[in-house]
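Only the coordinates and a few stated rules stand behind these numbers; no lab work does. Please read these numbers as outputs of a predicted model, since none were measured by experiment. Note that each Cβ is placed from the backbone with ideal geometry, even for glycine, and that neighbours are counted across all protein chains shown.
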Amino acid sequence: MNILQIKEHGLEIEQLGRLPKDVLELIYEHQLFKLFTTKELGGKDLDLLEGIKVFQQMSALDGNFGWLVTIGTGGNAFIPTLNQEICEKIYSPRNAVIAGSGYPTGTAVKMDGGYRVTGQWKYCSGADYATTFTMNCFIEHEGVRTDEIISCSVDRDQVEVLDDWRAMGLKATASHTIRVQNAWVPREATFQLGTMKNKYGSAVHSFPFGAFAEASFLSVCLGITEDFLEETSILVKQRNYDPSRAERMGAIQFILMQQQKHFRQLEEQFYAMLNEYWQKHKEGHEFTAEELQQFSRMSKDNADACVDIVNNLIRRLGMDAITETSPINRIWRNLYTAAQHVFLTPF
């Protein structure tokens, strides 16, 4: 199998509920979990725009595949924040990938040299093959839980994965809950965003994390929407042979052209703004709260627009629209699920 063939296996991947081994092997071969990892750690060391465009391209092949490439690469954000020895241990393996959660739903009991971590975290995409898990915890000191939060990295063998991901879309992302019970996490395996501890960081890693996450998830939505428009075009062409449907198909074709034009405008707006912010960041610009909010608003609005685009067409696509095994239905469900991420839902 090559990467382009992923598109042909979307239903198989969804029904399996996880990425097959040959698809994972493609990811390792093409370093798709290491797009923002330095070459010294076996990565591709792409700049921000290059990597974000890869997210969209992979999502246009299959939403599950694109989401997992995006989430897996997202774990690269922690590279410069880890102790150098720990960083090399986590990121150097060919199959290295992080899964985890940013929600502080665990407790880290402070002890000499580290923490004892206990907790449960939802929605850890890629949990079935992750080599390391990261999670946020409230620190407990001398029996009192504080408001201070610490980020921890934990080896896979200390983590229990609960098979509980039951969303209507992105069914193969293995976004399961994880559980940790009294796991020992040495101080050097903890980290804080913004605190640099090694030599492996790049400009991508110092880009504002919120904007990075919003751009990443929006690129997935753009890719899935692109796939939806392509599949709609195929359906319309298939039905044009029937003279009795000519008028109806002509109307749908007109709406499709409108939505394709709208999509290209969204795509152009997104990459123009992302490029503007990326260039400013490389020049050392410190973004104001207003600038970051403007980027966030654009990301959320464009995710809403992607959902509107597919909704303007789905009702006109007949029984394919409601048949779970049809490509158009699967793509629609994947988009709705991706757009529900907290970074993209409306203010």
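Structure notes:
- Sites listed here are trypsin sites (Lys or Arg not before Pro) in the stretch 53-107 whose DSSP assignment is loop and whose Cβ has at most 14 other Cβ atoms within 10 Å: ARG94.
- Averaged over residues, the count of other Cβ atoms within 10 Å places the peptides 150-160, 222-232 in the sequence 222-232, 150-160, highest first.
- Length-normalised contact order of the chain in % [C-alpha pairs under 8 Å, at least 6 apart]: 19 percent
- Between THR146 and MET257, residue separation times 0.36 nm minus the direct Cα-Cα distance comes to 34.4 nm.
- Considering only PHE212, ILE150, GLN192, and ranking their Cα positions along the charge dipole of the stretch 125-251 that arises from unit charges at the beta-carbon of Lys, Arg, Asp and Glu, the one farthest toward the positive end is PHE212.
- Projecting the Cα positions of GLY119, ALA251, LEU344 onto the charge dipole of the chain (unit charges on Cβ atoms of Lys, Arg, Asp and Glu, taken about the Cα centre) puts ALA251 furthest along the positive direction.
- Contact order relative to length of the stretch 1-156, as percent, for alpha carbon pairs under 8 angstrom and 6 or more apart: 16 percent
- Estimated inter-spin distance, LYS53 and ARG315, nm [label 7 Å along Cα→Cβ]: 3.7 nm
- The C-alpha radius of gyration of the chain, expressed as a fraction of 2.2 N^0.38 Å, stands at 1.04.
- Cα gyration tensor category, rounded, prolate or oblate, for the stretch 76-128 with a/c compared to 1.5: oblate
- Alpha-carbon centroid distance for the pair the stretch 187-228 / the stretch 316-341, whole angstrom: 28 Å
- Taking 7 Å steps out from each Cα toward its Cβ at TYR28 and SER92 produces label points 1.7 nm apart.
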